[in-house]
Amino acid sequence: MVDVLKRPAVRTALIIGGGIAGMSAALSLRRAGVDVRLIDIDPDWKVYGAGITITGPTLRVMDRLGILPAVLEEGYAADGLLACRSDGSVIAEIETTHDGAGSIPGAGGIMRPVLHRLLAKEIDEAGIEVSLGLSVSELGGDAPRRVRFSDGSEGRYDLIVGADGIFSQTRQHLFPDLPAPHYVGQVCWRLMTERHPDITRRTYYLGGPMKVGMNPVARDRMYMFLLEPLAAFARIRDADLHIRLAQLMSSYGGVVGELREALSPQSSIVVRPLETVFCPQPWYKNGVILIGDAAHATTPQLASGAGMAMEDGVVLGECVAQAATLDDALEAFMRRRYDRCALVVEKSLTLGKLEKSGSPPIEQIRVVEAALQQLNKPY
């Protein structure tokens, strides 16, 4: 059922990109009374990646999207963060609960393919048109905006949402002079494994040569990440991943040491360079707006990339529902989103610099605590 009391500022919208940001925007706009079409270039709509960490604000936006009960059932949630030394002994516990959160936990995790499936189920139940194996080959500047698709068909839409990720073609079309995403000097290693009984919440090992973290993503599954400082990223053969990761983990004890001893050629390991991009405002032009990683791709230090993407989608729908015109809606969106997303990108990069410089763990903890306090505020 459409949650709308008045006619929205736009009647039709095209969402380019069927990831977390795109699906969140599609759901929120549909609930605002907009006729939505979502397209994705992948004909199979596959999702790559391992588990993702979820903050309290992300769990709260999941609640607004209607998927929180399923996330809590299929993922994992627990309050608090644990900061440990490289030998596994505890340095500090960081509070994640929020006064206005009610019964919603302060942190958690979920497998990325599971989150995709839960959002896709909501898309299907909302009756949103989804076209796969399709991209945009031409964007017109008139209103409603004319779009030519890769299969030669055309359409006209009042609003176009570029949710096509960090290497967004929509961003290149709108703002061709903006710098491309850049590498930040760290490589993220992710290991998917059975949940260790001692890992019951987000746990970080600080003070060693690299930052290492672990987070449950289901009752019986967790992932470990390790951030390797590296001037330039060079790909490693799949057959050698477990050997290299074991070397990087060599100075760690505790649970990390146990995980190192269990590494084998069959271990599920993914390694990716960390890259970021942040667009100056506004993120829109001629009725086309960028959201999610297309506008503000962050590094994972604050575990807020997915949360910011979902918040973008929800806020966009709210602004469209409340505004008299599309321009008013997009201006309101920028007022609500720019500073918050800038905070996540800036503080994540700050933490990356502290990690690479070997700063004291307490300095990193203070940055995290201050950022979480800001992110717990209304948006």
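For residue 353, give me every one of the aspartates and glutamates with a C-alpha distance below 18 angstrom, ignoring sequence neighbours fewer than eight places off in its own chain.
Qualifying aspartates and glutamates at Cα under 18 Å: 228, 275, 363, 369.
Grab the other residues whose beta carbon is less than 15 angstrom from that of residue 238, score K and R as +1, D and E as -1, and report the net. Write out the running numbers ahead of the final one.
On the way: positive: 190, 235, 237, 244, 272; negative: 240.
After counting each charged neighbour, the total is +4.
Could you calculate, for the range 88-166, the ratio of the Cα radius of gyration to the Kirkwood radius, expressed as Rg to Rh? Display every interim value, and only then the final one.
Working: Rg = 20.7 Å, Rh = 17.3 Å.
A ratio of 1.20.
Report the net charge of residues surrounding residue 265, where surrounding means a beta-carbon distance below 12 angstrom and charges are Lys +1, Arg +1, Asp -1, Glu -1. Provide the component values of the computation, followed by the final result.
Numbers: positive: 237; negative: 238, 240.
Around residue 265, the charge tally is -1.
Which shape class, rounded, prolate or oblate, goes with the range 52-116 when its Cα gyration tensor gives a ≥ b ≥ c as root eigenvalues, a/c under 1.5 marks rounded, and past that a/b bigger than b/c marks prolate? Spell out each step's value before the answer.
Working: a/c = 3.19, a/b = 1.58, b/c = 2.02.
Verdict is oblate for the range 52-116.
If one takes the longest principal axis of the Cα atoms in the chain, at what angle in degrees, from 0 to 90 and to the nearest 10, does the Cα axis of helix 20-31 lie?
Once rounded, one gets 40 degrees.
Give, rounded to the nearest 20 debye, the magnitude of the charge dipole that the chain has about its Cα centre when Lys and Arg contribute +1 at Cβ and Asp and Glu contribute -1 at Cβ. Write down the numbers at each step before the final one.
Values: 40 positive and 45 negative charges, 64 e Å.
In total the dipole reaches around 300 debye.
Calculate the spin-label point distance for residue 247 paired with residue 194, positioning each point 7 Å from the Cα along the beta-carbon direction, and give it in nanometres.
So the label points at residue 194 and residue 247 sit 2.9 nm apart.
Compute the acute angle (0 to 90°) between the alpha-carbon long axis of helix 305-322 and the principal axis of greatest extent of the alpha-carbon atoms of the chain; round to the nearest 10°.
Between the helix axis and the principal axis of the chain, the angle is about 20 degrees.
Give, as a single signed number, the net charge of other residues whose beta carbon lies under 9 Å from the beta carbon of residue 145, with Lys and Arg counted +1 and Asp and Glu -1. Each step should come with its number before you reach the end.
Values: positive: 146, 156; negative: 142, 158.
Local net charge: 0.
Return the distance in nm (one decimal) between the two label points of a simple spin-label model at residue 261 and residue 377, each offset 7 Å from Cα along Cα→Cβ.
4.7 nm
As a check on your grasp of the helix formula, calculate [θ] at 222 nm for the chain: sum -39500 (n - 2.57) over DSSP H runs of n ≥ 4, divide by the residue count, round to the nearest 500.
Details: 11 runs with 134 residues, N = 379.
-11000 deg cm²/dmol, from helical runs alone.
Give the lysines whose C-alpha is closer than 30 Å to that of residue 347, dropping any in the same chain fewer than 8 places away, or say none.
Straight-distance partners of residue 347: 211, 285, 356, 377.
Using θ = phi - 60° and the Karplus curve 6.51 cos²θ - 1.76 cosθ + 1.60, what whole-Hz ³J(HN,Hα) does each residue of the range 75-89 get, with Gly and Pro shown as x?
My calculation for the range 75-89 gives x, 8, 9, 6, 7, x, 10, 10, 9, 10, 6, 5, 8, x, 6 Hz in order.
Report, in whole Å, the centroid distance computed from the Cα atoms of the range 295-362 and the range 135-151.
Using only Cα atoms to place each centre, the spacing works out to 27 Å.
Relative to the longest principal axis of the chain, what angle (0 to 90°, nearest 10) does the C-alpha long axis of helix 361-375 take?
20 degrees
What whole-number volume per residue, in cubic angstrom, does the convex hull of the C-alpha atoms of the chain give?
Values: hull volume 51.0 nm³, N = 379.
Output value, Cα hull per residue: 135 Å³.
Can you work out D for the range 249-379 in µm² s⁻¹ from Stokes-Einstein, where Rh is the Kirkwood radius over C-alpha pairs, the temperature is 37 °C and the viscosity is 0.692 mPa s? It would help to have the intermediate numbers written out before the result.
Numbers: Rh = 17.1 Å.
Value of D from the Cα-based Kirkwood radius: 191 µm²/s.
What residues from the range 65-83 fall in the zone where the backbone N is under 13 Å from a label point 7 Å along the Cα-to-C-beta line of residue 121?
66-75
How far apart, in nm, are the 7 Å Cα→Cβ label points at residue 370 and residue 237?
Result for the modelled spin labels: 4.7 nm.
If packing is taken as the average number of other Cβ atoms within 10 Å across a peptide's residues, how do 191-199, 112-120, 356-364 rank, most packed first?
Details: 191-199: 16.2, 112-120: 19.1, 356-364: 14.2.
Result, highest mean first: 112-120, 191-199, 356-364.
A short reminder: the numbers here are calculations on the coordinates, not readings from a lab. From a predicted model like this one, the values you see are computed outputs, not experimental measurements. Positions of Cβ are generated from backbone atoms using ideal geometry, with glycine treated the same way; all protein chains shown enter the neighbour counts.
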